[in-house]
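> Sending over a structure as structure tokens; questions will come in a sec.
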Amino acid sequence: MKVAVIGVGIMGKHHTRIYSSLPGIKLVGVADINESEGNLVAKKYHTKFYKDYMDLIDKEKPDALSICVPTSQHYIVAKDCLQKKCNILLEKPITRTLEEARKLQLSARENKTTFMIGHIERHNPAVKKVKEMIVKGDLGKITAIMLRRLGGFPPQIKDANITVDLAIHDIDVANFLMEDLPYDIAINKQKHHIKLREDSVEFFLKYKKASVYIQANWISPVKIRKLNITGTDGYLEMDYITQKIEFYKSNYNKFRDATKDYSDYILLFSEPDQINISVAKKEPLREELIYFLDAVANKKNINIDHAIHALKIALSH
């Protein structure tokens, strides 16, 4: 299968690296408006460089494309590629606006192409394991979820605020874990070190079965990527980066005091069982690209509604 990458910034370099290492995959080219950077990447991974991505498509005719350009360019580049009937993986967020997102979704359907959005955490082995535990009922009824994505400002991000660049990851994870969409959204966006864009945000999302708190910022001096879940039968902590999961299984006796007129049960807790859940550690981006290429090879339809839902929540006021 012939593949190519449009945009070789930080994420584009990672896409290029992984494609070049996959068996049965031929990296036929990379494109970027930065000629010096693009040529360096092309030379490193033994492929061709194009300044114009349309030239790359016309001359190399790739079977699959990764689009890793800045968010402000997502719509125009993806639109051009879809009209060329290219199968594409577009990095998140899908676009800047819901109108642009829906136009791309329609174009993909009309051109009968595989169109996927790079919500990478859906392919994180630890997130998939947590989802499996929720479905199995290991935590009982989920009552609350907290997601934190904190760290310093990324200088390469020049056209997106904290909500659509960073918090959107955890918005999508929350929808993925809850298998639902929130019916109520409260949001607090703030500007601290950047005058024109929000660099800190908190979301409080109410779902039918639980509440979710999301905190994301570019102002914390330490990098944190954490997920915490409280359930009626246990508590869980997960680290996105290390992919470690710590599960605390509740141990309690449920009873009523016969000497008193209690209408509710009393729970007598003892020490919880602490269980370290192991998962086979894998690079989420590699898993995502393998999934994408399999969909292309087998002409699978990928529903991108989840990416549009995440964008809609991120753009809430």
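No lab work stands behind these numbers, since they all come straight from the coordinates. Fair warning: this is a prediction, and the values are worked out from it, not measured in the lab. Please note: Cβ atoms are built from the backbone with ideal geometry, for glycine as well, and neighbour counts cover all protein chains shown.
> For segment 12-17, take each phi angle, set θ = phi - 60°, evaluate the Karplus expression 6.51 cos²θ - 1.76 cosθ + 1.60, and give the result in whole Hz per residue in order, putting x for glycine and proline.
For segment 12-17, the Karplus curve yields x, 4, 5, 4, 4, 4 Hz.
> Can you check how the C-alpha radius of gyration of segment 38-119 compares to 2.2 N^0.38 Å, as a plain ratio?
1.10
> Same structure again: Taking only Cα atoms and a 10 Å spring cutoff, compute GNM fluctuations for the chain and point out the largest among D184, D170, D32.
Most flexible of the set in this elastic network: D184.
> Okay, next question. Expressed as a rounded percentage, what relative contact order does segment 1-91 have, with Cα pairs under 8 Å and six or more residues apart?
Values: 166 pairs, mean separation 28.7, N = 91.
The normalised contact order for segment 1-91 reaches 32 percent.
> Let me ask something else. Can you compute the radius of gyration and Dmax for segment 122-277, using only the Cα atoms, both in Å?
18.4, 66
> Could I ask something else about it? Of V28, V69, V279, which has the largest mean-square fluctuation in a 10 Å C-alpha GNM of the chain?
Residue with maximal mean-square fluctuation among V28, V69, V279: V279.
> Counting alpha carbon pairs within less than 8 Å and at least 6 residues apart, what relative contact order, in whole percent, applies to the chain?
17
> Tell me the angle of helix 98-111 to the major Cα principal axis of the chain, expressed in degrees between 0 and 90 and rounded to the nearest ten.
Computed tilt is about 60 degrees.
> In the structure shown, do any of K13/K281; K85/K312; K131/K249; K129/K249; K206/K244; K129/K282 have a Cα-Cα gap over 18 Å, and if so which?
K13/K281; K85/K312; K206/K244
> Just want to confirm a number: the relative contact order over segment 122-277, from Cα pairs under 8 angstrom separated by 6+ residues, in percent.
Relative contact order here is 26 percent.
> If I measure Cβ to Cβ between cysteines in the chain, which ones have no partner under 4.7 Å?
For the chain, the answer is C68, because their Cβ atoms have no other cysteine Cβ under 4.7 Å.
> By how many degrees, between 0 and 90 and to the nearest 10, does the Cα long axis of helix 168-178 differ from the longest principal axis of the chain?
50
> At a 10 angstrom cut-off on C-beta neighbours, averaged per residue, how do the peptides 203-209, 193-199 rank from highest to lowest? Write out the running numbers ahead of the final one.
Values: 203-209: 16.4, 193-199: 14.0.
Result, highest mean Cβ count within 10 Å first: 203-209, 193-199.
> Using the Karplus equation 6.51 cos²θ - 1.76 cosθ + 1.60 (θ = phi - 60°), what ³J(HN,Hα) coupling, rounded to whole Hz, does each residue of segment 20-37 give in order, writing x for Gly and Pro?
5, 9, 7, x, x, 10, 10, 7, 8, x, 10, 10, 6, 6, 8, 5, 5, 5
> Hey, what D do you get for segment 1-45 in µm²/s if you plug the Kirkwood alpha-carbon radius into Stokes-Einstein at 20 °C and 1.002 mPa s?
This corresponds to a translational diffusion coefficient of 208 µm²/s.
> Between S270 and A297, what is the label-point separation in nm under the 7 Å Cα-to-beta-carbon projection?
Taking the simple label geometry, A297 and S270 are separated by 5.1 nm.
> Among the aspartates and glutamates, select those whose C-alpha is under 20 Å from the C-alpha of K61, and discard any that sit fewer than 8 residues away in the same chain.
Candidates past the 8-residue exclusion: D32, D52, D80, E110, D294.
> Residue by residue, what Karplus-based ³J(HN,Hα) values in Hz, rounded to whole numbers, does segment 138-148 have, using 6.51, -1.76 and 1.60 with θ = phi - 60° and x for Gly and Pro?
So the J values, rounded to whole Hz, are 4, 9, x, 7, 6, 10, 7, 10, 10, 10, 10.
> Given a 10 angstrom Cα cut-off, can you work out which residue in Q274, Q156, Q190 is the most mobile in a GNM of the chain?
Q156
> Here's a follow-up. Mind jotting down a quarter of the surface of the convex hull over the alpha carbons of the chain, in square nanometres, one decimal?
So the mean shadow area of the Cα hull is 19.0 nm².
> Another one. Mean residue ellipticity at 222 nm from the helices of the chain, using -39,500 (n - 2.57) per DSSP H segment of n ≥ 4 over the full residue count, to the nearest 500 deg cm²/dmol?
Taking each H run of at least 4 residues, the total per residue is -9500 deg cm²/dmol.
> Related question: Can you tell me the mean projection area, over all orientations, of the convex hull of segment 83-182's alpha carbons? Units nm², please.
Mean projected area for segment 83-182: 8.4 nm², to one decimal.
> Compute the signed sum of charges (Lys and Arg +1, Asp and Glu -1) over the other residues within less than 15 Å, Cβ to Cβ, of S21.
Taking every other residue near S21 into account, the sum is +3.
> Which semi-axis lengths, in whole Å and largest first, follow from the square roots of five times the eigenvalues of the Cα gyration tensor of segment 147-206?
After diagonalising the Cα gyration tensor, the semi-axes are 23, 13, 9 Å.
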